[in-house]
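First the structure, in the form of C-alpha cells, and then the observations on it.
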Amino acid sequence: MKMRGHQSFQKQTILGVSLIHGQFRALAVIRGEIAGTWECPQKVTTGSELRWALQEAVRATGFSGHRVGFVVEDARLAHQYHLVPPMKDKDLRLYLERVARQELPPDVGDIVWRYRKTLATKGRTGFLLDTWPQAYVDDFLQACEAVDLHPAFLFPLSAVFVDQVRSLGAEPQETLILITPAVEKFVLIAATGEGVPLFDRFLRVADESGPQNLERIGRELARSILFANQQLGKRVSHVWMMGTIEGVLPEELRAYVDVPVLPSPIVPDPSYWIWVSLSLPVTHSCNFISPEVRQAPFRKMMAKVMVAMLAGFICTSVTVSGLIEGLADRKQAIETAVAASFQVLAQKKHDWLVRHQQLAEMRAWVQAVETRQRPPVAGWFMGYLAESLPQDLVLQKVMVTQTTDGWTIELTGLAPDDLQRSARALMEFERRLREGPYHVEMTNGWRQAWLEQLRHGKTDEQDGRHFVLRGFIR
C-alpha cells in the first residue's frame, strides 16, 4: 500500500475503521506506524454486531489506544447534490434542514446532516448534502462506549474520495473526474485539481459483469462531463480510474468520452481508504462526531484531575487545619506568657519611675545646696581687677552676673587718646584676664568697636577712648 504524506492522525495512535455496505475493516496505527489490520468475515449491519466487530478488531490488531475513527457508506444514508440560489447563512441552514428532512423517509425519526459547499455557477451555489438517521450515529457512539473507545471522527466515504483528488497531481485550475469502486457501487467524483468538490454520484454496479458495467459507466461518465460543462461551466480535462471494476478498463471508456481516461498511479488495497481518512482533520465539515462528543474524553480526564485535586485539597485542608489549631494553641500560650511578662515589666517600669522621681528630687536639692554654697567670685574678681588693671586704663563700670555655669563679666572704661598706648594697655589687660587665676574667656574685643569709630570719623576724643570688654568665668 502506498502511503501519502503523514499528517493529522497518521502520526498518532488510533484505530481506523471502514464500514462500507456492511464490510468491516480495521487498521491499527500506533505512533504513526501500522501495527495490524483485520477484516470481519461477516457483514456488520446492527449496533450489536458493530460492538462485537470493534472488540475483535482491538484484540486481533493488538491495539492499545483509545481513539477510533470511522469512514462509512450505507444504503440508509442519503447523499445528494443541490444547487441553491444566494441567501443569508441563517436562511441557508433553514433551507438545507428542510431539504435534509426530505432526503430520508419520515419513519427514520431524528436525523443529523452535514454539508460541503462547492463552486458557485450561474448565480447559484452547489452543496453536497449528507443526511443520516440519528439512530445510525448513536449505534457508533454506543458501540465505542461499550468497548472503551473514544470516537474522533465519522466521515462519509465521499469526503475521503474528494480528498484523494489532490494526490493526482493536477493543476489547481483543472477540472477532473475520479472513478473508483465502493463495494456494491462505483463513484464518479468531479473536483478541481486542488480538491474542491463540484459534485459526485454513487451508482450501483450491474449484477452482471462485463459489457453492461462498461456501458453503464461510460454512459454516466459522458453525462457527468456534459453536466459539468453546461451547468457549471467547467471543462473536464482528465478522467482518472482508481481501483478495478470488473469488465471495465480505462482505455475502453475512451470510446464514450472525448477526454483522456487514465489509470490512477495509486492502486488501493482494502485498507487504503482508511489510511486516507486519517489525514482528514476532525474539524472537517463532514465529521458526524460532534465537538461535544470529541471533547468528552478531555472533560472526563479533567473531571478526574479535578476530583484528585479536590481530594488533595481536602487532605491539605485537614492538615492545614490541624496545623492552624496547633499554631492557635501555641499562640494562646505565647499570648498568656507575654501578658504575664508584660505585667512584670509594667511593675518594674512603675518602680523605676518612682526611683527616677526620687533621684530628680535629690538632684534638685543638691543643686539648690550647691547654688547657695557657691564662692563669692564677684568680690574676689573685683579685688583682682584692682591689681591687674594697667595704669593707662580707667574703669568706669564693672558688671559681674552669676549664671548656671559660671559668671559673665562686662568691663566699661576709658583708654588714652594715643592709639598705640591704648592698644598696648588693652592687649595687656586682656592677657592678664585670660592668663590670670580666673581664666576669663573673652567673648568680644575692643578692636571692632574702634574700627567702627574710625570708619565713622571719630578719631579724636578729648576725654579718651571708650572700651568695653566682655567675658565669662567658669
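Here are the numbers for the structure shown:
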| item | result |
| --- | --- |
| Evaluation of E251 against (1) of a type in the set (D, E, K, R); (2) part of a helix (DSSP H, G or I); (3) within 23 Å of S18 (Cα to Cα) (one fails), failing number | (3) |
| Boolean, F186 is part of a strand (DSSP E or B) and either assigned by TED's automatic domain parsing to the domain that holds R67 or over 45 Å from the mean Cα position of the chain (by Cα) (or both) | yes |
| G69 of a type in the set (G, A, S), more than 30 Å from K122 (Cα to Cα) and within 39 Å of the chain's Cα centre (by Cα) | yes |
| Unmet criterion (only one of (1) touching a Ser or Thr at 6+ places or on another chain (Cβ under 6 Å); (2) surrounded by fewer than 10 Cβ atoms within 10 Å (Cβ to Cβ)) for P375 | (1) |
| Matching residues in segment 189-201 - criterion: being in a strand (DSSP E or B) and under 20 Å from L280 (Cβ atoms) | I189, A190, A191, T192, P197, L198, F199, D200 |
| Qualifying positions in segment 28-48 - under 14 Å from E145 (Cα atoms) and either among the aromatic types (F, W, Y) or buried (at least 16 other Cβ atoms within 10 Å of the Cβ) (or both) | G47 |
| Among residues of segment 244-257, those that are more than 12 Å from I217 (Cβ to Cβ) and either in contact with a Phe, Trp or Tyr (Cβ under 9 Å, 6 or more places away or on another chain) or hydroxyl-bearing (S, T, Y) (or both), counted | 1 |
| Failed condition for A182, given (1) over 16 Å from W273 (Cα atoms); (2) surrounded by 17 or more Cβ atoms within 10 Å (Cβ to Cβ) | (1) |
| Subset of segment 21-65 [assigned to a helix (DSSP H, G or I), under 43 Å from the mean Cα position of the chain (by Cα) and under 20 Å from S277 (Cα atoms)] | L50, L54, A57, V58, T61 |
| Enumeration of residues in segment 254-313 that are among the small types (G, A, S), under 32 Å from the mean Cα position of the chain (by Cα) and either surrounded by 13 or more Cβ atoms within 10 Å (Cβ to Cβ) or not assigned by TED's automatic domain parsing to the domain that holds T131 (or both) | S279, S290, A296, A303, A308, A311, G312 |
| Residue within segment 294-303 that is under 21 Å from A26 (Cβ atoms) and of a type in the set (S, T, N, Q) present | no |
| Residue that is farthest from the chain's Cα centre (by Cα), among those in segment 348-403 that are at pLDDT 85 or above and of a type in the set (V, I, T) | V394 |
| Selection status of R114, out of contact with any Gly (no Cβ under 9 Å at 6 or more places or on another chain), under 19 Å from I20 (Cβ atoms) and either of a type in the set (G, A, S) or modelled with pLDDT of 85 or more (or both) | yes |
| Residue in segment 51-68 that is surrounded by 15 or more Cβ atoms within 10 Å (Cβ to Cβ), within 30 Å of L119 (Cβ to Cβ) and assigned by TED's automatic domain parsing to the domain that holds P181 present | no |
| Search result, residues across segment 107-145 that are surrounded by fewer than 16 Cβ atoms within 10 Å (Cβ to Cβ) and of a type in the set (D, E, K, R) | D107, D110, K117, K122, R124, D138, E145 |
| Filter result for V318 (assigned to a helix (DSSP H, G or I) and in the same structural domain as H150 (by TED's automatic domain parsing)) | no |
| Scan of segment 373-396 for residues that are in a loop (DSSP other than H, G, I, E, B), in contact (Cβ under 8 Å) with a residue 24 or more places away in the chain and over 27 Å from R465 (Cβ atoms), ordered by number | R374 |
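The values are calculated or read from the model by the stated rules, or taken from the named source; none is laboratory data. Not measured: the values here are computed from a predicted model. Because the Cβ atoms are built from the backbone with ideal geometry, glycine has one as well, and the counts that use them run over all protein chains shown.
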